[in-house]
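Asks: Let me begin by handing over the structure; questions about it come next.
The values are calculated or read from the model by the stated rules, or taken from the named source; none is laboratory data. Computed from a predicted model, the values in this text were never measured in an experiment. Here Cβ is always computed from backbone atoms with ideal geometry, including for glycine, and neighbour counts include all displayed protein chains. Surface accessibility is based on the protein's heavy atoms, side chains included, excluding ligands, DNA and RNA. Shrake-Rupley method; radii C 1.70, N 1.55, O 1.52, S 1.80 Å.
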Amino acid sequence: TIEAEVDDLIGKWIFEDGATKWINGRFTKGWSSRSVVVIDEYNAAPDEVEQALRPCFDNVKQLVLDGGKGGRVARHPYSFIGLTMNPSWDVKYTGLNEISAAGLNRLSLVAVDLPNEETERAIIAKYCSANDIKITAKELDKVMAIAKELRVQCDPQTGVLPIAWGIRPQLAVVAALPYFELMEAYKLAAIDALDPIAANIVIALVKGYE
């Protein structure tokens, strides 16, 4: 996670039962075993994290335990590593680190866009079913139509809203709809966290569907 420090991921020395011993971190445990390791918000972690993990992603595929007397841990043949990142160039994601060219050269990059409308509707329906949320077909149609307009306004090149409107805010709106009117649901999901100018843009858009 973005809060992880190198010691949390790689490992550290601890004093326990009268002796000092090395304890592997979460990444080291996954790296050396049959697993799928996902590091969320990789480019929000401290620079030291990228430096520590970089050797894992080149041809050597070895994890160097600098804190553990320089030991090396080879990757388990069925350990798979995934990193998630938001784009550091997008003003909506301030505070993210730009991954160095050397770091990017060691990764296979996959851009993940929003699902198509049919898939998004299916995701929302499954979420509602799993959480016993009941919304009407008409309400869902409104949520999808509003999302389509919001996403135009959120476009990083041509839009004016300093937010991203993906699946998560959609689910936040849907979760509020059984208890609140449409506008209040959007206030809870996003509007109340926006600056007044951006908030008024969203309010005007949602009003068109009330």
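Asks: Among the residues of the stretch 122-136, how many are assigned to a loop (DSSP other than H, G, I, E, B) and of a type in the set (D, E, K, R)?
Replies: So in the stretch 122-136, the residues assigned to a loop (DSSP other than H, G, I, E, B) come out as 131-136.
Restricting the remaining residues to those that are of a type in the set (D, E, K, R) gives 132, 134.
Number satisfying all stated conditions: 2.
Asks: Looking at (1) under 17 Å from Asn86 (Cβ atoms); (2) of a type in the set (Lys, Arg); (3) in contact with an Asp or Glu (Cβ under 9 Å, 6 or more places away or on another chain), find the lone condition where Arg168 falls short.
Replies: Result: Arg168 fails condition (3) only.
Asks: Something else now. Check whether at least one residue in the stretch 95-112 is under 16 Å from the mean Cα position of the chain (by Cα), in a loop (DSSP other than H, G, I, E, B), modelled with pLDDT under 85 and not aromatic (Phe, Trp, Tyr), and report yes or no.
Replies: yes
Asks: Go through the stretch 191-210 and give me each residue that's open to solvent by 20 Å² or more (accessible area, probe 1.4 Å) and in a helix (DSSP H, G or I).
Replies: In the first step, residues of the stretch 191-210 are kept if they are open to solvent by 20 Å² or more (accessible area, probe 1.4 Å); the result is 192-197, 200-201, 203-205, 207-210.
Once the filter is applied, which keeps residues that are open to solvent by 20 Å² or more (accessible area, probe 1.4 Å) and in a helix (DSSP H, G or I), the stretch 191-210 yields Asp192, Ala193, Pro196, Ile197, Asn200, Ile201, Ile203, Ala204, Leu205, Lys207.
Asks: What do you reckon, is Ser129 over 30 Å from Ala147 (Cα atoms), open to solvent by 60 Å² or more (accessible area, probe 1.4 Å) and polar (S, T, N, Q)?
Replies: Answer is no for this residue.
Asks: Provide a single number: the residues in the stretch 167-180 that are under 15 Å from Arg151 (Cα atoms) and open to solvent by 70 Å² or more (accessible area, probe 1.4 Å).
Replies: Total meeting the criteria: 1.
Asks: Among what's in the stretch 158-188 and is modelled with pLDDT under 95 and small (Gly, Ala, Ser), pick the residue that is nearest to Glu120 (Cα to Cα).
Replies: Gly166
Asks: Quick test of your reading of the structure: Met183 fulfils all but one of (1) without any contact (Cβ under 8 Å) to a residue 12 or more places away in the chain; (2) open to solvent by 20 Å² or more (accessible area, probe 1.4 Å); (3) in a helix (DSSP H, G or I). Name the failing condition by number.
Replies: (1)
The rows are residues; the columns are (1) free of Cβ contacts under 8 Å to residues at least 40 places away in the same chain; (2) not in a helix (DSSP H, G or I).
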residue: Lys138; (1), (2): yes, no
residue: Asp141; (1), (2): yes, no
residue: Asp155; (1), (2): yes, yes
residue: Gln170; (1), (2): no, no
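Asks: Then there's this: Of all residues in the stretch 114-126 being within 22 Å of Val202 (Cβ to Cβ) and open to solvent by 70 Å² or more (accessible area, probe 1.4 Å), which is modelled with the lowest pLDDT?
Replies: Ranking the candidates gives Leu114 first.
Asks: Kindly indicate whether Leu188 is surrounded by 15 or more Cβ atoms within 10 Å (Cβ to Cβ) and not in a helix (DSSP H, G or I). Step through it out loud before you land on a result.
Replies: Numbers: surrounded by 15 or more Cβ atoms within 10 Å (Cβ to Cβ): yes; not in a helix (DSSP H, G or I): no.
Against the criterion (surrounded by 15 or more Cβ atoms within 10 Å (Cβ to Cβ) and not in a helix (DSSP H, G or I)), Leu188 does not qualify.
Asks: Going by what's in this entry, would Ala164 be described as in a helix (DSSP H, G or I), open to solvent by 30 Å² or more (accessible area, probe 1.4 Å) and either in contact (Cβ under 8 Å) with a residue 24 or more places away in the chain or of a type in the set (A, V, I, L, M, F, W, C) (or both)?
Replies: Values: in a helix (DSSP H, G or I): no; open to solvent by 30 Å² or more (accessible area, probe 1.4 Å): yes; either in contact (Cβ under 8 Å) with a residue 24 or more places away in the chain or of a type in the set (A, V, I, L, M, F, W, C) (or both): yes.
Against the criterion (in a helix (DSSP H, G or I), open to solvent by 30 Å² or more (accessible area, probe 1.4 Å) and either in contact (Cβ under 8 Å) with a residue 24 or more places away in the chain or of a type in the set (A, V, I, L, M, F, W, C) (or both)), Ala164 does not qualify.
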